[in-house]
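Undergrad: Take a look at the following structure, please.
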Amino acid sequence: MDSENLVRTESLADVISEQAAVLLSMLSRPVVVRQIIIAIIIVLFAWLFSRQTQQWRARRQSSDVVEPANPPLLMRLYRESLREIVTPLLALVLLNIAIWVFEQLSYPKGLLEDLTTWIIIWLVYRIIVTLLRVRFDSEARPFRNRIVTPIFLFLLFIQFLAIWPGTVALAQFSITIGTLAFPFVNLVLSLIVLYVFIITAWLIEQLMELTLPQRLNIESGLVESVATLTRYSILAIGIIVSLSLLGLNFTSLAIVAGGLSVGIGIGLQDIVANFVSGIVLLFEQSLRPGDVIELDGRISQVERISLRATVVRTRTNEEVIIPNAAFTTQQIKNLTKSERLVQVIVPVSVSYHSNPEIVRKLTVETSLNHPLILHTPEPQLVFKGYGESSLDFNLLVSIDQPELSVKIKSDLYYMLWQTFAENDITIPFPQRDLNLGDGWDNLVAGMQGSQ
């Protein structure tokens with residue numbers, strides 16, 4: 001039986017198990033164990049030295065000089081270098097010394113030389129991360145997590161495959177799923193291509209949102225809409241390219257997709273409705289990030305609009321995820337669609353003994369003392385009508401911070417209570433007149449007879 005037939009009949013788990021056994025047998029050799037122990041000691045010593053250096057620096061800062069809140073660029077670079085670069089740099093130096101010692105003793109040193117490449121990759125990664133952190137601070141975290149770290153992990157993976165004795169056998173292995181069969185190398189390549197498309201789509205989206213509003217002088221909401229659809233389009237192309245690298249037949253795939261379309265349309269109709277509603281919201285711009293809305297009596301601020309759902313933040317700092325279909329099928333109050341000027345209505349009731357003109361003067365003057373209430377247009381007190389127990393008014397005030405309308409309304413109630421109390425204006429409670437008719441004489445006579 002030749003090697004090709006062997007690869008085709010064995011499972012992936014068998015191939016990995018066999019190659020792992022070969023790797024373990026190689027690592028159990030005394031010359032390899034010696035190099036592994038030296039490498040572990042070097043890395044451990046470098047880590048301990050770096051930690052002690054950071055503790056010494058922290059003690060020196062606490063006893064001598066307090067570091068400013070915004071340190072200079074060189075100081076930040078020095079601080080981050082002590083934390084990030086010392087360990088791999090010292091490990092690289094000690095590893096090269098160990099290789100020189102092994103050469104003088106005529107010991108095998110192949111594994112130590114391979115580990116040197118790993119340490120160099122680690123050092124370069126730490127240098128790049130340090131420069132990004134010093135230059136962009138927390139804004140560099142998405143780039144580090146999505147681009148820098150995966151690239152260097154891939155380089156370490158390639159380096160590991162270079163020294164693993166079973167790489168050739170694993171590369172020739174074919175994975176079978178149903179009637180589909182594709183080489184393991186094609187699977188890895190398709191995943192790499194998909195990752196490249198994902199990162200490219202994300203970078204293009206970020207670049208469009210950063211540059212287009214200033215260059216084209218258009219609303220950021222429209223730019224976000226175009227950027228989001230562009231990202232999804234690039235992702236769709238990446239998925240198609242990745243599947244083509246696996247050798248999938250798109251003709252048969254289209255037939256299967258056509259057969260499943262009816263079932264998907266019925267089972268996922270809510271998702272489709274939210275998706276279409278998301279496209280409508282993104283292009284119609286009836287709702288934009290930053291808008292203050294009122295939904296179901298709750299005032300919230302729009303944080304993000306995606307193709308499936310919209311994220312809003314309530315006044316209690318809670319993030320609520322609302323399906324997009326809710327915004328196209330329900331009545332929504334957008335308090336900041338065209339402008340931020342809104343009017344707040346504060347119901348006010350006073351007793352019939354109060355002078356309406358004095359009440360109007362006091363309420364308007366009191367409302368103008370609030371720092372968030374606008375003087376133009378001027379507050380108004382509208383005489384609503386004669387109630388059963390009170391004179392009813394509506395105080396109309398204008399504000400340009402609609403997200404604070406509830407707080408402003410509460411402040412006005414406190415202020416009006418204080419003003420009414422100082423000017424002997426009472427707020428009545430409900431009163432009722434009880435008419436007993438002829439029963440009143442009978443009640444009085446009954447009470448006198450009991451006496």
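Throughout, read-outs are computed from the coordinates displayed, never taken from laboratory work. Computed from a predicted model, the values in this text were never measured in an experiment. Quick reminder, even Gly has a Cβ in these numbers, built from the backbone with ideal geometry, and neighbours come from all protein chains shown.
Undergrad: Per-residue counts of other Cβ atoms within 10 Å, averaged by peptide: what ranking do you get for 228-240, 392-404, highest first?
TA: In descending order of packing, they fall as 392-404, 228-240.
Undergrad: Still on this model: So if I average 1/r over every pair of distinct C-alpha atoms in segment 329-372 and take the inverse, what Kirkwood radius in Å does that give?
TA: 13.7 Å
Undergrad: Compute the length gained on full extension between Lys361 and Ile120: take 0.36 nm times their separation in residues and subtract their Cα-Cα distance, giving the result in nm to one decimal.
TA: 78.9 nm
Undergrad: Okay, moving on. Starting from 0.36 nm per residue, how many nanometres of slack lie between Leu341 and Thr211 once their C-alpha separation is accounted for? Mind dumping the intermediate values first?
TA: On the way: separation 130, 0.36 × 130 = 46.80 nm, distance 2.95 nm.
The span from Leu341 to Thr211 would gain 43.8 nm if fully extended.
Undergrad: Can you list the HN-Hα couplings for segment 269-275, worked out from phi with the Karplus curve (6.51, -1.76, 1.60; θ = phi - 60°), rounded to whole Hz and with x for Gly and Pro?
TA: Calculated HN-Hα couplings, in order: 5, 5, 5, 5, 5, 5, 5 Hz.
Undergrad: Nearest 0.05, what FRET efficiency do Thr230 and Val406 give at R0 = 45 Å with Cβ-Cβ as r?
TA: The pair Thr230/Val406 has a calculated efficiency of 0.70.
Undergrad: Sticking with the crude label model, points 7 Å out along Cα→Cβ, report the distance from Ile279 to Leu44 in nm, one decimal please.
TA: 6.1 nm
Undergrad: Please enumerate, by chain and number, the lysines with C-alpha under 28 Å from the C-alpha of Lys407, excluding those fewer than 8 residues away in the same chain.
TA: The reachable lysines, counting only those whose Cα sits under 28 Å from Lys407, are Lys333, Lys337, Lys361, Lys384.
Undergrad: Would you mind pulling out the separation of the Cα centroids of segment 344-408 and segment 318-336, in Å?
TA: 30 Å
Undergrad: Treat each spin label as a single point 7 Å out from the Cα along the C-beta direction, and report the Trp417 to Phe136 distance in nm.
TA: Taking the simple label geometry, Trp417 and Phe136 are separated by 5.2 nm.
Undergrad: Could I ask something else about it? Express in whole angstrom the spacing between the alpha-carbon centres of segment 28-56 and segment 272-302.
TA: If you average the Cα positions of each part, the centres end up 56 Å apart.
Undergrad: When the Karplus curve 6.51 cos²θ - 1.76 cosθ + 1.60 is applied with θ = phi - 60°, which whole-Hz ³J(HN,Hα) does each residue of segment 411-422 get, with x for Gly and Pro?
TA: Result, rounded to whole Hz: 4, 5, 4, 4, 5, 5, 4, 5, 5, 5, 5, 6.
Undergrad: In Å, the Kirkwood hydrodynamic radius of segment 342-422 over pairs of distinct alpha carbons?
TA: With all distinct Cα pairs of segment 342-422 included, I get 12.8 Å.
Undergrad: Hey, with R₀ at 35 Å, roughly what FRET efficiency would Leu156 and Arg313 work out to, going by the Cβ-Cβ distance, to 0.05?
TA: The value I calculate is 0.30.
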